[in-house]
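Below is one structure, written out as structure tokens; the observations come after it.
The values are calculated or read from the model by the stated rules, or taken from the named source; none is laboratory data. Predicted model only: the values in this text are computed from it and were never measured. Here the Cβ is made from the backbone with ideal geometry for all residues, glycine too, and neighbour counts use every protein chain on show.
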Amino acid sequence: MTLPFSKYQGTGNDFVIIDNREHIFSKNDTKLVAQLCDRKFGIGADGLMLLENHPSADFRMVYYNADGNESSMCGNGGRCLVAFAKALSIIDIHCTFEAIDGLHEATIENEIVHLKMQDVSTIKVTPEYTFLDTGSPHHIQKVASVKEVNIKKEGAAIRYSDLYGSTGSNINFVEQKSDHHFAVRTYERGVEDETLSCGTGVTAVAIAAYHNKLTTANKIDLDVEGGKLAVKFDVIDNGYKNIYLIGPATFVFKGIWG
């Protein structure tokens, strides 16, 4: 079997992407997904995405973690899939697509993607951490310096703790730089390690920062290990809406597996 693929990255969060509109890829082959994502024996990526037909939206997004299991929403993945759809001439500037958490809107110009995320209405705040779901579950913990944190060790300890049980959570460590500027490092479940960027993670961090009165801004700048992202949102009585994840989505290379 030969399998055409493309590789994209969004602030260092990298993905193998396959055009599956003609069903060339078996969605039940978790071992193949894990092999393609393997950095030693495969192409290497934090996850794999399929672009598929949708009856009313421009396309459907199917996302797998690097361990081969289908996963919850991936913000950077969504941005990269929008760039891939543009490269295939499926879309121009504006698009809608369906992901596992529902419909999304996006725009792309000059490799910068504005991706609309789902509304947020439920946020758990404790003295030690904040938890919310932005398409994927996120634990947010403020620290004095993200550089001083052993992300893999401390992230895994929280991810596998009794706090989140068998499903686990993504773990974000956050350092405040200024009123509207934060640095974030993330341990991602499914990858089971730190990734250079997590789109749903920075979205959660931005909303948590406003919710916890660490900022008065509704557009937040976020430094991740792989670059810079921004999140903007509207505040409403029962939560947050019009949430946009903003940042670059970049083509890396394409090839044929097999």
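The table below lists the values:
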| item | result |
| --- | --- |
| Odd one out for residue 56 among (1) buried (at least 17 other Cβ atoms within 10 Å of the Cβ); (2) under 29 Å from residue 29 (Cβ atoms); (3) polar (S, T, N, Q) | (1) |
| Residue tally, condition in a loop (DSSP other than H, G, I, E, B) and under 27 Å from residue 193 (Cα atoms), over region 38-61 | 9 |
| Condition met for residue 188 (out of contact with any Phe, Trp or Tyr (no Cβ under 9 Å at 6 or more places or on another chain), surrounded by fewer than 24 Cβ atoms within 10 Å (Cβ to Cβ), touching a residue at least 40 places away in the same chain (Cβ under 8 Å) and of a type in the set (Asp, Glu)) | no |
| Residues satisfying the stated conditions in region 192-242, i.e. modelled with pLDDT of 95 or more, over 30 Å from residue 66 (Cα atoms) and polar (S, T, N, Q) | 212, 215, 216, 218 |
| Evaluation of residue 94 against (1) at pLDDT 95 or above; (2) closer than 25 Å to residue 225 by Cβ; (3) surrounded by fewer than 22 Cβ atoms within 10 Å (Cβ to Cβ) (one fails), failing number | (2) |
| Evaluation of residue 168 against (1) under 23 Å from residue 106 (Cβ atoms); (2) in a loop (DSSP other than H, G, I, E, B) (one fails), failing number | (1) |
| Criterion: aromatic (Phe, Trp, Tyr) and more than 14 Å from the chain's Cα centre (by Cα) - qualifying residue of 187, 160 | 160 |
| Tally, over region 220-239, of residues that are part of a strand (DSSP E or B), under 16 Å from residue 199 (Cβ atoms) and not small (Gly, Ala, Ser) | 10 |
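Table: residues versus (1) under 22 Å from residue 229 (Cβ atoms); (2) among the hydrophobic types (A, V, I, L, M, F, W, C); (3) without any contact (Cβ under 8 Å) to a residue 24 or more places away in the chain.
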| site | (1), (2), (3) |
| --- | --- |
| 7 | yes, no, no |
| 27 | no, no, no |
| 34 | no, yes, no |
| 39 | no, no, yes |
| 43 | no, yes, no |
| 49 | yes, yes, no |
| 59 | no, yes, no |
| 71 | yes, no, no |
| 75 | yes, no, no |
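One line per residue, one yes/no per condition, for (1) under 24 Å from residue 232 (Cβ atoms); (2) buried (at least 21 other Cβ atoms within 10 Å of the Cβ); (3) not aliphatic (A, V, I, L, M):
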{"position": "75", "(1), (2), (3)": "yes, yes, yes"}
{"position": "98", "(1), (2), (3)": "yes, no, yes"}
{"position": "116", "(1), (2), (3)": "yes, no, yes"}
{"position": "121", "(1), (2), (3)": "yes, no, yes"}
{"position": "127", "(1), (2), (3)": "no, no, yes"}
{"position": "136", "(1), (2), (3)": "yes, yes, yes"}
{"position": "165", "(1), (2), (3)": "no, no, yes"}
{"position": "170", "(1), (2), (3)": "yes, yes, yes"}
{"position": "179", "(1), (2), (3)": "yes, no, yes"}
